[in-house]
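Asks: Dropping a structure here in structure tokens format, bear with me for questions.
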Amino acid sequence: MITTLNKLKAHDACEPRYKHLLQCLGKTQADDEPISIREILLHNGIQDTIWALRTVEGHDKEIRLFACDCAESVLHIFEAEYPNDDRPRKAIEVSRKYANGEASIDELNAAWDAAGAAAWAAAGAAAWEKQNELLFKYI
């Protein structure tokens with residue numbers, strides 16, 4: 001998988017990390033010379049590499065399946081806190097099916113809407129818990 005400096009720049013790459021990559025590549029400005037995703041990983045680390053995947057063309061299936069693997073690797077954290085909420089797990093399953101041509105875009109959107117609702121509910125519960133913790137600290 002490859003991208004270019006111009007594609008990274010067009011997608012509003014983080015300026016300090018972009019400059020770091022330029023320096024590592026021995027360049028002073030953007031160009032259209034191909035850069036492998038592996039090279040970005042070596043110079044800038046996993047977070048920048050994952051972000052840079054948005055600029056890669058023609059590998060939608062592989063990128064979607066990679067995202068599923070990443071999400072699944074931390075799913076146990078959500079499920080430990082919310083053992084009866086299977087919406088994120090189902091969203092990952094439908095996304096894998098979509099990548100393999102076994103689910104429709106409507107099924108994918110419905111699954112991700114449900115997973116998003118689960119994430120917002122979890123975030124809201126965490127914020128409420130933190131707010132109460134701070135409140136009781138001062139009462």
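Since every read-out is calculated from the coordinates, none of them should be taken as a lab result. Every value quoted in this text rests on a predicted model; they were computed, and no experiment measured them. Because the Cβ atoms are built from the backbone with ideal geometry, glycine has one as well, and the counts that use them run over all protein chains shown.
Asks: Sort out which residues of the range 85-96 are in a helix (DSSP H, G or I) and not β-branched (Val, Ile, Thr), and write them in order of number. Before you say what the answer is, go through the steps one by one.
Replies: Initially, the range 85-96 is screened for residues in a helix (DSSP H, G or I), giving 87-96.
Listed by number, the residues that qualify are 87, 88, 89, 90, 91, 93, 95, 96.
Asks: Against the condition touching a Lys or Arg at 6+ places or on another chain (Cβ under 7 Å) and polar (S, T, N, Q), how does residue 100 come out, does it pass?
Replies: Values: touching a Lys or Arg at 6+ places or on another chain (Cβ under 7 Å): no; polar (S, T, N, Q): yes.
In short, no.
Asks: Something else about it: Would a scan of the range 96-107 turn up a residue that is surrounded by 14 or more Cβ atoms within 10 Å (Cβ to Cβ), aliphatic (A, V, I, L, M) and free of Cβ contacts under 8 Å to residues at least 60 places away in the same chain? Walk me through it before giving the result.
Replies: Residues of the range 96-107 surrounded by 14 or more Cβ atoms within 10 Å (Cβ to Cβ): 96-99, 103, 107.
Right, trim to aliphatic (A, V, I, L, M) and you get 99, 103.
Subsequent filtering for residues that are free of Cβ contacts under 8 Å to residues at least 60 places away in the same chain retains 99, 103.
For the range 96-107, residues surrounded by 14 or more Cβ atoms within 10 Å (Cβ to Cβ), aliphatic (A, V, I, L, M) and free of Cβ contacts under 8 Å to residues at least 60 places away in the same chain: present.
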